[in-house]
Structures are given as structure tokens and as C-alpha cells.
Amino acid sequence: MKVIASLILAAFATVANAQDREWSSPQKPFTIYGNTHYVGTGGISAILVTSPQGHILVDGTTAKGAEVVAANIRTMGYKLEDVKYILSSHSHEDHAGGISALQKLTGATVLAGTANVEAMRTGVSPKIDPQFGSLSNFPGSAKVRGVADGEVIKLGPLAVTAHSTPGHTPGGTSWTWQACEAGQCKNVAFVDSVTAVSADSYRFTDHPEVVAQLRGSFTTVESLACDIAIAAHPEVNDMWGRQQRAAKEGSVAYVDAKGCRTIVEAGRKRLETRLASEKP
């Protein structure tokens, strides 16, 4: 039995390590549209929004991925110290694990949904998080403050709006801004995870308030001005397929008026499937 248990644990460790490598794997940076650039890893999105007065970074990927993000910012020709704000989508290791290191490198202020501020500061998720008990802790960050729903973060010509999208985490936040290229401006939405994911013992049917949050977040994301949708996990909205098409089509490959709705459809289907599976 001990041998079997050891083999099972080794298998789980192999899967976890493979996932971590994917989330933290190197990825060459590229421009999506105008001043909006992908600087994340091969498995987790991080977006740099640039201006002559300073830059805004959305998410930091994993603790290991922070090195990738920092190198990608430099590769794009920008200085780390010119990043003035780091915006958080949600307080899990795969998206927030690298923020502490990136904050130290840049000196930036970290902004997060109010209900996620404590987790961002400590690196420990609260018990009300559906994934509590199955999450890894991550390095806590300095200079964290909360943002309200609808708050606009301004930096020079940049104006990025916070949209509360809780459910996946208590303070989940999506972000929108405009990017312009060749005289044409597009509405960009960085959509936080809106998926019903939990620890094994968690039942969404026992937490109607979380179900209501997720459904409210679906409505919020569907209503966003959204010409270009960027998902927290890039594969959710086919970032890599779009990047391949962009080699021939240019930035129009990233433009999709249905992008936000597509992300919501996947999240809604997952939630309803999960709720159905929990019925006696």
C-alpha cells in the first residue's frame, strides 16, 4: 500500500509541476493593439498599457513568472521604474504570485478589489474563497490599496476602469480601457476569471451568495464595452490562435465584438454544469 500511495503522490506532483511550468513558461512579448502589449507567460496573461507619462501593468503571473514579465517589459523597450500601477484581477498564486516581486522592481502601487486587499498583502486566501484549502500561498505585496467598482485609474492619458466581478474570488476585478492605433480606437477588456472552481469539499449549492456573485459577474462582463477581450488565462479566448493570425492579418486578429460574451458563455456553462452535478 505504501508503494501505491507513493506512486499516486508522485503522479500528482508530476501534474502539479507540469502545470506550474506551463503557467510560468517563457513567452515572447507582443503588441495586441496600440499601446496594449502582452508581457505575460505562456500560460498566464499579463498586460502592459503604456504612455509617455508612465505605464500600467495588469496582473503579474506566478512568482516564477515575474522574471518573465520583467524581462518582457524590458524587451518591449520600456523601463520597469516607469510602471506606476499594477492592477490585480484576483488573489490567486497563478495571477498574483509575481506581483510582490514586480512591485519591488517597479515601486508601483498595487490596486485590487477591496475584498482581495488582505489576501494581496499577506499572500493567503480567505476561508470564503471557494478554493480555500487547495490554494498555494504566494508572496504578499507592499503598497496595496483597494479600488471601488467603477473607479477610474488615471495616469497621463491613460484611464483604466475597475469593474467588480466577484465569485471566483471575493474581490475579483476586471479592467477596461481604450487603445488607439492608426487613428482607430478600440475598447479593451481584461476579463478576470469567472469560473466556478473550488476545493473538492466545496458545494456551490451551499453558497447561494457566491452563485449570485458569479451570475452578477456574467452580467457585468456581458455589458462591458468590449472590442478586444483578454482573458486572465490566455487560452480561454484563443490568444495564441489570434497571435498566429495576427502575423498575416495584423492587430485586427484580436478584435472580436463577441469576445467578452464568449468568455461568459464558458463560465455560465461551467457553473450550471457544476450546480446540476451537486443535486442529490
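The values are calculated or read from the model by the stated rules, or taken from the named source; none is laboratory data. If you're wondering where the values come from, they're calculated on a predicted model, not measured in any experiment. For neighbour counting, all protein chains shown are included, and Cβ atoms are generated from backbone atoms with ideal geometry for every residue, glycine included. In case anyone asks, the SASA skips ligands and DNA or RNA and just uses the protein heavy atoms, side chains included. Shrake-Rupley method; radii C 1.70, N 1.55, O 1.52, S 1.80 Å.
Maximal additional length on extending the Leu155-Ala257 stretch stands at 34.1 nm, based on 0.36 nm per residue less the C-alpha distance. Projecting label points 7 angstrom from Cα along Cα→Cβ for Glu209 and Lys64 puts them 3.6 nm apart. How big is the Cα convex hull of region 30-278 in projection, averaged over all directions, in nm²? Orientation-averaged projected area of the Cα hull: 12.1 nm².
Region 91-159 and region 188-226 have their alpha-carbon centroids 18 Å apart.
Take every DSSP beta bridge whose two residues both sit in the chain; close to 60 percent of them are antiparallel.
Near His163: Cβ cut-off under 11 Å, other residues only, Lys/Arg at +1 and Asp/Glu at -1. The net charge is -3. Residues Tyr254, Tyr85 ordered from highest to lowest accessible area at a 1.4 Å probe: Tyr85, Tyr254.
With an 8 Å cut-off on Cα pairs and a minimum separation of 6 or more residues, tell me the relative contact order of the chain in percent.
Numbers: 620 pairs, mean separation 38.0, N = 280.
Relative contact order here is 14 percent.
Only helices enter the 222 nm calculation for the chain: every DSSP H run of n ≥ 4 contributes -39,500 (n - 2.57), and dividing by all residues gives -11000 deg cm²/dmol, rounded to 500. When only the Cβ of Lys, Arg, Asp and Glu is charged (+1, +1, -1, -1), the dipole of the chain relative to its Cα centre reaches about 260 debye. The listed residues Asp200, Asp82 rank as Asp200, Asp82 when sorted by accessible area, largest first, using a 1.4 Å probe. Charged side chains reduced to their Cβ positions (Lys and Arg at +1, Asp and Glu at -1) give region 223-280 a dipole of some 160 debye around its Cα centre. For the peptides 71-78, 99-106, 59-66, the ranking by mean Cβ contacts within 10 Å, running from highest to lowest, is 59-66, 99-106, 71-78. Among the lysines, which fall within straight-line cross-link reach of Lys104, defined as a Cα-Cα distance under 19 Å, with same-chain neighbours fewer than 8 residues apart omitted? Answer for Lys104, where 19 Å is the Cα cut-off: Lys64, Lys79, Lys84, Lys143, listed by chain and number. All other residues with a Cβ under 12 Å from the Cβ of Ala112 taken together, and with Lys, Arg as +1 and Asp, Glu as -1, what is their net charge? In short, -1. For region 194-280, the Stokes-Einstein estimate of translational diffusion at 25 °C and a viscosity of 0.890 mPa s comes to 171 µm²/s, using the Kirkwood hydrodynamic radius over alpha-carbon pairs.
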